[in-house]
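Written below as structure tokens is the structure these notes are about.
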Amino acid sequence: MDKLFNFCSEIKDAIGEADTLSVTDARKVVKSINDFLYTNYPNIGTTLELGEYREYFSDFHKFWKNHHKEILDCKIDDEKCELVADSLHSIYTATNGDAFKSVWDTCGLTNEEVCRVRFLTANQDFRGSRSFSDLAEVYSSDYTIFDENNIKEDPQFFLQKIDVGGLSQNDKRIKYARNIADFLLVHNCTPYEIINKYNRDVFALRNDMIACNAGYGNKKADMFVRDMVVLGIWPNVTGFENINVASDVNTIKVALRTGIIKTEIPLVSSFLDIFCYQYGYIDDMNANAWRKVWEIWSRKYPEDEILSPCLLDYFVYNVVGRQFCRENLYIFKGENCGHIFRWNSAQNRTCQVCHNEGVRRQPASVINKVMPCCDEEGFVAIDKTDYVRALPENQKIHNCPFIDICAERKHLMPPKSISIMGQTGWTSAYTRQGEGGGGLMA
């Protein structure tokens with residue numbers, strides 16, 4: 001805490017006992033803030049990140065690395081976890097378990113081909129990605145593009161062919177493509193066969209995929225393994241129960257708002273989360289919290305047990321996180337008539353009240369947008385979501401299942417992160433003491 005104390009002392013000395021700040025004192029305050037948060041200097045020290053020792057970004061970086069956990073003090077709330085488990089189980093019962101399954105279109109590819117395409121591309125799913133149908137089309141046009149020997153020899157060609165070569169952080173993408181090809185070549189097998197190298201233990205494979213520095217973090221590795229099992233591409237595996245919910249901003253958002261994880265202060269901006277310590281911490285706690293939800297469900301409802309926490313992801317991420325828990329209920333006002341009504345699309349330009357009364361072509365405009373759970377007519381948006389529209393009539397729901405759990409926490413936001421590496425990453429943003437400038441350019 002010494003670094004933070006010294007910084008606070010500098011600010012206190014600059015302000016003194018004055019009731020107002022002079023321009024001279026304001027300059028001192030601004031300089032102190034910039035020096036502490038964002039300025040590097042010779043012999044500041046190094047930290048081991050992503051397999052390399054890198055200089056600390058600033059004195060605040062050193063403080064944040066050592067104390068971010070005790071400052072945030074994230075905890076799992078068992079009572080909230082039980083409420084969430086009960087709500088999810090009610091969805092399971094109402095849908096005969098279908099809410100926790102997702103068998104997506106494999107576009108006519110064989111199991112071996114689906115596994116190959118996913119294994120070699122899922123690690124590229126950041127800052128823009130391609131749909132599986134697009135990738136399947138590329139594979140069908142020339143399957144040699146996905147040959148691991150070719151990828152290792154010319155990873156840039158592979159990235160161009162799958163149409164991610166022009167996206168951001170190309171240096172990382174090249175490394176990830178080469179490393180995942182190397183991973184296969186070292187094991188001397190195809191992606192489909194690699195599970196046998198691990199005695200069909202998906203958790204052991206998942207851990208090695210993460211460790212090989214090929215762009216597979218927890219989320220991507222968990223999602224890949226989950227899909228291979230659910231699609232039946234890898235049957236008769238072990239360790240599936242160890243695969244967590246794929247932690248991302250959507251599942252973290254739902255965890256924060258339901259209160260299954262709680263922090264002592266709201267999460268800090270990514271501009272303070274130097275080298276992403278907060279994001280990593282909350283990411284881990286989020287996965288642990290959803291595992292706790294799964295454990296409670298399994299204990300309370302053994303007859304309806306799902307095989308792994310990762311299966312919660314289909315509903316929590318895709319339905320609640322992406323479709324329900326967002327500001328997609330639009331409040332309109334008729335420009336001439338003054339009617340107030342709710343609608344599910346901001347593209348509407350017509351007063352729907354007038355239209356229903358037989359008065360045509362009356363203009364209306366958006367005056368506000370809210371989450372469905374914040375309005376008595378939230379069903380207007382919920383009913384039009386892709387998930388609810390696809391449900392059989394007897395399974396349709398009209399509210400988020402967590403509407404009575406979130407309460408005052410429903411507006412909490414998930415963390416964002418700035419990459420450590422890359423052209424817009426922290427390692428490109430160092431500012432040396434006395435030089436000025438520095439930072440990031442978007």
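Within segment 207-236, count every residue that is surrounded by 18 or more Cβ atoms within 10 Å (Cβ to Cβ), closer than 25 Å to residue 292 by Cα and not acidic (Asp, Glu).
Restricting attention to segment 207-236, the residues satisfying the condition of being surrounded by 18 or more Cβ atoms within 10 Å (Cβ to Cβ) are 209, 214-216, 218-230, 233-234.
Within this subset, residues satisfying the condition of being closer than 25 Å to residue 292 by Cα are 209, 216, 218-230.
Those left that are additionally not acidic (Asp, Glu): 209, 216, 218-221, 223-226, 228-230.
Final tally of qualifying residues: 13.
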**Fill in**
Of the residues in segment 191-232, those that are out of contact with any strand residue (DSSP E or B) (no Cβ under 8 Å at 6 or more places or on another chain), in a loop (DSSP other than H, G, I, E, B) and farther than 19 Å from residue 132 by Cα come to 193, 198, 212, 213, 214, 217
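Here's the yes/no breakdown for (1) more than 27 Å from residue 208 (Cα to Cα); (2) in a helix (DSSP H, G or I):
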| site | (1), (2) |
| --- | --- |
| 90 | yes, yes |
| 93 | yes, yes |
| 96 | yes, no |
| 102 | no, no |
| 108 | yes, no |
| 112 | no, yes |
| 115 | no, yes |
| 134 | yes, yes |
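Yes/no matrix, rows are residues, columns are (1) under 32 Å from the mean Cα position of the chain (by Cα); (2) within 30 Å of residue 314 (Cα to Cα); (3) modelled with pLDDT under 90:
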position: 2; (1), (2), (3): no, no, yes
position: 9; (1), (2), (3): no, no, yes
position: 14; (1), (2), (3): no, no, yes
position: 28; (1), (2), (3): no, no, no
position: 42; (1), (2), (3): no, no, no
position: 72; (1), (2), (3): yes, yes, no
position: 82; (1), (2), (3): yes, yes, no
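Matching residues to (1) among the hydrophobic types (A, V, I, L, M, F, W, C); (2) within 30 Å of residue 406 (Cα to Cα); (3) in contact with a strand residue (DSSP E or B) (Cβ under 7 Å, 6 or more places away or on another chain):
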| position | (1), (2), (3) |
| --- | --- |
| 1 | yes, no, no |
| 49 | no, no, no |
| 59 | no, no, no |
| 68 | no, yes, no |
| 77 | no, yes, yes |
| 95 | no, yes, no |
**Prompt:** When segment 339-361 is examined, which residues are found to be of a type in the set (Ser, Thr, Tyr) and without any contact (Cβ under 8 Å) to a residue 12 or more places away in the chain?
**Reply:** none
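Among 127, 173, which is the only one that is farther than 30 Å from residue 235 by Cβ, surrounded by 22 or more Cβ atoms within 10 Å (Cβ to Cβ) and at pLDDT below 95? Talk me through it step by step, then tell me what you get.
Working: 127 fails: surrounded by 22 or more Cβ atoms within 10 Å (Cβ to Cβ).
Residue meeting the stated conditions: 173.
Is it true that some residue in segment 285-296 is more than 23 Å from the chain's Cα centre (by Cα) and either in contact (Cβ under 8 Å) with a residue 12 or more places away in the chain or more than 28 Å from residue 266 (Cβ to Cβ) (or both)? Talk me through it step by step, then tell me what you get.
Quick first cut of segment 285-296, residues more than 23 Å from the chain's Cα centre (by Cα) only: 296.
Those left that are additionally either in contact (Cβ under 8 Å) with a residue 12 or more places away in the chain or more than 28 Å from residue 266 (Cβ to Cβ) (or both): 296.
Yes, because at least one residue in segment 285-296 is more than 23 Å from the chain's Cα centre (by Cα) and either in contact (Cβ under 8 Å) with a residue 12 or more places away in the chain or more than 28 Å from residue 266 (Cβ to Cβ) (or both).
Looking at segment 151-163, can you tell me whether even one residue there is assigned by TED's automatic domain parsing to the domain that holds residue 233, in a loop (DSSP other than H, G, I, E, B) and closer than 16 Å to residue 114 by Cβ?
Applying the first criterion (assigned by TED's automatic domain parsing to the domain that holds residue 233) to segment 151-163 yields 151-163.
Going one step further and asking which of them are in a loop (DSSP other than H, G, I, E, B), we end up with 154, 162-163.
Add one more test, that the residue is closer than 16 Å to residue 114 by Cβ, and what stays is 162.
The answer is yes, given that some residue of segment 151-163 is assigned by TED's automatic domain parsing to the domain that holds residue 233, in a loop (DSSP other than H, G, I, E, B) and closer than 16 Å to residue 114 by Cβ.
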**Request:** Grab the helices (runs of 4 or more DSSP H) fully contained in segment 1-88, keeping just those with 3 or more residues being touching a residue at least 60 places away in the same chain (Cβ under 8 Å).
**Result:** 23-38, 59-72
**Total residues in segment 35-92, condition surrounded by 20 or more Cβ atoms within 10 Å (Cβ to Cβ), among the β-branched types (Val, Ile, Thr) and not assigned by TED's automatic domain parsing to the domain that holds residue 301** = 1
**segment 210-269, residues that are of a type in the set (Asp, Glu) and modelled with pLDDT of 95 or more** = 241, 264
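The values are calculated or read from the model by the stated rules, or taken from the named source; none is laboratory data. Note that this is a predicted model, so its numbers are computed, not measured. Neighbour counts run over all protein chains shown; Cβ positions are idealised from the backbone, glycine included.
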